Structures are given as structure tokens and as C-alpha cells.
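Data block below; observations after.
The values are calculated or read from the model by the stated rules, or taken from the named source; none is laboratory data. Just so it is clear, the model here is predicted, and its values are computed rather than measured. With ideal geometry, Cβ positions are generated from the backbone for all residues, glycine too; neighbour counts draw on all protein chains shown.
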Amino acid sequence: MRVNKAPVGLLLGLIFPLLGYVVVFFILGRGGSFSDFSSSVMHNGDLAGKVISLAVLANLIPFLYFNKYRRDQTVKGIVIATCLYMTLFVYMKYVL
């Protein structure tokens, strides 16, 4: 991919953790429904912190790929999205 634009990185940085969230659901969901899992994440700050942290790790995939090919603007967008998710992490972990 030859794209080197921050909005593309921002979009990728917002989508990959959502995919990571689905993977975390399959690992930690224990056979329950997706809505039950999401509800328990919303109401349990400790669980929310763990799930969001694991989901955001999915951003390493596009980050490392675009960093390897020196697409610095795209990497900047991914980092901005990761910072947005970390703001959500702090809110869910410590405020709720």
C-alpha cells in the first residue's frame, strides 16, 4: 500500500482495535453473547481496562507495517487513534 496520509492512518487506527475487540471477545467471552460481553465490559472498569488494552494492541499490525515502509504520515494517524483509545481506556478504567 503506497498511501501516506494521516486520515488513512486514523481510519486504520480506529478500525483495527474494533477487530481486536472481536478477537478478545472470542478469547474471553466464554461462550456468552456479544451483547452480554459488551455490557459487562461497560459496567466493570477493571475488565474494560483489560479488554481495551488488548484490543488496542491490534494497532501494532498497521503501525509496524507502515513504519517499515516509511509511511510517516499514516503512522502519525495510527498513533493519534491509539491516543484516542487510551483516553477511552482512562475514562472507562478510572471514571466509570
Count of region 1-15 residues which are of a type outside the set (S, T, N, Q) and over 15 Å from Tyr85 (Cα atoms): 7
Subset of region 12-22 [more than 14 Å from Ile61 (Cα to Cα) and among the aliphatic types (A, V, I, L, M)]: Val22
Top-ranked residue in region 74-96 [being at pLDDT below 95 and among the aliphatic types (A, V, I, L, M); ranked as surrounded by the most Cβ atoms within 10 Å (Cβ to Cβ)]: Met92
Members of region 16-67 that are over 17 Å from Met86 (Cβ atoms) and either surrounded by 19 or more Cβ atoms within 10 Å (Cβ to Cβ) or aromatic (Phe, Trp, Tyr) (or both): Phe25, Phe26, Phe34, Phe37, Tyr65, Phe66
Selection count, region 35-74, where residues are within 13 Å of Pro17 (Cα to Cα) and polar (S, T, N, Q): 2
Criterion (assigned to a helix (DSSP H, G or I) and either modelled with pLDDT of 95 or more or touching a Leu at 6+ places or on another chain (Cβ under 7 Å) (or both)) met by exactly one of Leu47, Leu60: Leu60
Residue selected from region 1-35 under the condition among the charged types (D, E, K, R) and at pLDDT below 95, by the criterion nearest to Val51 (Cα to Cα): Arg30
Verdict on Leu14 being part of a helix (DSSP H, G or I) and under 11 Å from the mean Cα position of the chain (by Cα): yes
